[in-house]
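Values in this text are rule-based calculations from the coordinates and carry no lab data. Remember, it's a predicted structure, so these values are computed and weren't measured experimentally. Note that we place each Cβ from the backbone using ideal geometry, even for glycine, and neighbour counts take in every protein chain shown.
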Amino acid sequence: MKRIQIRIALLLLYVGVLGYFFYPKGYSPLEGEGLRWALTFAGVLILLIALYLILRYREKKRSKYEYGQYPEKGEGQEEK
């Protein structure tokens, strides 16, 4: 999970640097090209956050199965 967190952090840094260099100079973030850039940048950030949350959820779910917090099928059940 640490490797995934580092990769997502580096991806966020990369997107931030690209956003800084490609921001349209002289535009307000709430009008015209500035608004289009802000919406695109926010969409990318939302996608990256969603990716991180999904990966974190899957990691926690996998670790529960690895450490035996969930019983195997048939365990703990009385036979009839």
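Between the residues L12, I54, G26, the greatest Cα displacement towards the positive end of the dipole of segment 1-67, with unit charges on the Cβ of Lys, Arg, Asp and Glu, is found for I54. Net charge dipole, segment 1-60: roughly 440 debye, given to the nearest 20, about the Cα centre with Cβ charges of +1 for Lys and Arg and -1 for Asp and Glu.
If the segment from E31 to Y14 were pulled out straight at 0.36 nm per residue, it would be longer than the present Cα-Cα gap by 3.6 nm.
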